[in-house]
Amino acid sequence: MQQDIRKSIDEGAMGRFQWLAVAICVMLIMLDGFDVLVMAFTASSISAEWHLTGAQLGLLFSAGLVGMAAGSLLLAPQADRYGRQAIILVCLALITVGMLLSALAQSSLQLGLLRALTGVGIGGMLASVGVITAEYSSQKWRSTCVAFQATGYPIGATLGGMVAAVLLTHYGWRSVFVFGGLTTLAMVPVVLWMLPESVDFLLAKQPQGALGKVNTLLRKMQRPVLQSLPARPVLVAGAAPVGGFSSLFSPAILRSTLLIWSAFFLLMFSFYFALSWTPKLLVAAGLSAQQGITGGVLLNLGGIVGGTLFGVLASRLDLGRLTAACLATTAVAMAVFGYVTGALDLAFMAAFGIGMFIFGGMAGLYSFAPIIYPAAVRTTGMGWAIGIGRLGAILAPLTAGVLLDSGWAPPQLYYVFAIPLLLAVVAVLAIRAKAPAPDRASGTLSAAH
């Protein structure tokens, strides 16, 4: 019965209700994009007010990422127990409180702790958002929808950057955090009343009232309702538990788990360096503060183009090869950026290219994760993959800050951070070699479970 429902969603046309669910998920990912850029665009003002060193500023960048890692590793898996929508609402509350209190911070320590709290909310939310997007998408459009969801990140960063530039000029850096908190608060009623719970979760966990909730969702998707819930799976002696962290290491998915972790870690190590430090490093290379912000905005504009283009191509081309190509091209673009940093026009073009291909690569990884894991452990698997990636993201700003304080020139850092992207290419191709064969009609990977 559960397989019949999943088959109906996978093979059927996507209706208005499903597209609305995907659209709300894109809006939620936009919050993540703004959250990272809120530090990138306010870094110079905060550093000037509190006289921070490069290492101290790196700690502020990393504080939010530490929280994101904790949220992905500890809070996100709770969605497999309590539901995707419930955890998203908890996370939105944490983000709102963290953002608004950040505007009142009186020291780098206070701001760092509040950045960590905000990060817990962001990290805990992302896995559930990715899973809902994947589960409400048909097989034909799944990789495309996940790619469009990932595009929400640079959209949020770009719009946030534009707003931040105005707020910084007229009201100071604290106003940027107030804007972020109020925007997040506005998403609470949207999620509460319009974002559907996962059908796969309701069928797998069968919480109180599950049958009625499932049938409500099926009616909205214009599909036949159920007379009763399917029987829960019965474990045989010696079988791996259904759900939980240990399931990620069952023989069937152990190799894929380790590879997806490696790919996320390596990509996010370079990804967050580029997003967090590019505006400030452009200023350090001799450009004005406004030109530095422009470089950061162009990087995210490139991400919008790249994520959208990836979404279009993902329905036609092999997902693994497309992702690997994006990662390899990003490495080249980062090296070029380091070489031409002093030439304004060329640097802006290279920044656009970095954003275009690195967001395409990220969209590819987000497309892989939901198809590797079964429903009972899907958010746990997604959360841990993102969480391991966040560990790389935490190390990136710290590494950059230490290297700068040691006398490294900003362009040299881009050569260093291009190397992990090449290693990520190897991991992605290895995942592709192990994963199910792509559906030639749609260009997406068929689910393994």
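The values are calculated or read from the model by the stated rules, or taken from the named source; none is laboratory data. Not measured: the values here are computed from a predicted model. Neighbour counts are summed over all protein chains in view; Cβ atoms, including those assigned to glycine, are modelled from backbone coordinates with ideal geometry. What goes into the accessible areas is simple: the full protein's heavy atoms, side chains included, and nothing from ligands, DNA or RNA. Shrake-Rupley method; radii C 1.70, N 1.55, O 1.52, S 1.80 Å.
The table that follows gives values for the structure above.
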read-out: Unit charges at the beta carbon, dipole of the chain: most positive-side option, 350, 176, 217; value: 217
read-out: Cα point-scatterer Debye curve for region 272-340, base-10 log of I(q)/I(0) at q = 0.13, 0.16, 0.18 Å⁻¹; value: -0.45, -0.64, -0.76
read-out: Stokes-Einstein D (µm²/s) once Rh is taken as the Kirkwood radius of region 95-225 over alpha-carbon pairs, at 20 °C in 1.002 mPa s; value: 124
read-out: Rule-of-thumb Rg ratio for region 342-411 [Cα; 2.2 N^0.38 Å; N residues]; value: 1.54
read-out: Inter-site label distance for residue 321 and residue 192 at 7 Å from Cα along Cβ, in nm; value: 4.9
read-out: Within region 396-431: backbone nitrogen closer than 17 Å to the residue 332 label point (7 Å, Cα to C-beta); value: 415, 418-426
read-out: Taking all pairs of distinct alpha-carbon atoms in region 87-164, Kirkwood radius in angstrom; value: 14.1
read-out: Length added when fully stretched, residue 398-residue 429, from 0.36 nm per residue minus Cα-Cα; value: 8.3 nm
read-out: Descending semi-axes in whole angstrom, ellipsoid equivalent of region 296-423, from the Cα gyration tensor; value: 28, 20, 11
read-out: Dipole moment magnitude, nearest 20 debye, the chain about Cα centre, only Lys, Arg, Asp, Glu C-beta charged; value: 1000
read-out: Compactness of region 21-138 as Cα Rg over 2.2 N^0.38 Å, two decimals; value: 1.12
read-out: Dipole of region 36-185, positive end: most advanced residue of 73, 106, 48 [Cβ charges, Cα centre]; value: 73
read-out: Computed [θ] at 222 nm, deg cm²/dmol, the chain (DSSP H ≥ 4; -39,500 (n - 2.57); rounded to nearest 500); value: -26000 deg cm²/dmol
read-out: Residue-by-residue Karplus 3J(HN,Hα) for region 67-77, coefficients 6.51, -1.76, 1.60, Hz, glycine and proline x; value: x, 4, 4, 4, x, 5, 7, 10, 8, 4, x
read-out: Geometric extent, Cα atoms of region 16-83 - Rg, Dmax (angstrom); value: 16.6, 52
read-out: Karplus 3J(HN,Hα) series, Hz, for region 306-320 with 6.51 cos²θ - 1.76 cosθ + 1.60 (x for Gly, Pro); value: x, x, 5, 5, 4, x, 5, 6, 5, 7, 10, 10, 5, 4, x
read-out: Computed Rg/Rh of region 68-116, alpha carbon atoms with Kirkwood Rh; value: 1.08
read-out: Largest-first ordering by accessible area, 1.4 Å probe, given options 135, 11, 49, 197; value: 11, 49, 197, 135
read-out: Share of pairwise Cα separations in region 150-229, more than 19 Å, in percent; value: 58
read-out: Computed label-point distance, nm, for sites residue 422 and residue 185 using a 7 Å Cα→Cβ extension; value: 5.0
read-out: Set of lysines with alpha-carbon distance to residue 205 below 22 Å, sequence-local pairs under 8 removed; value: 7, 213, 220
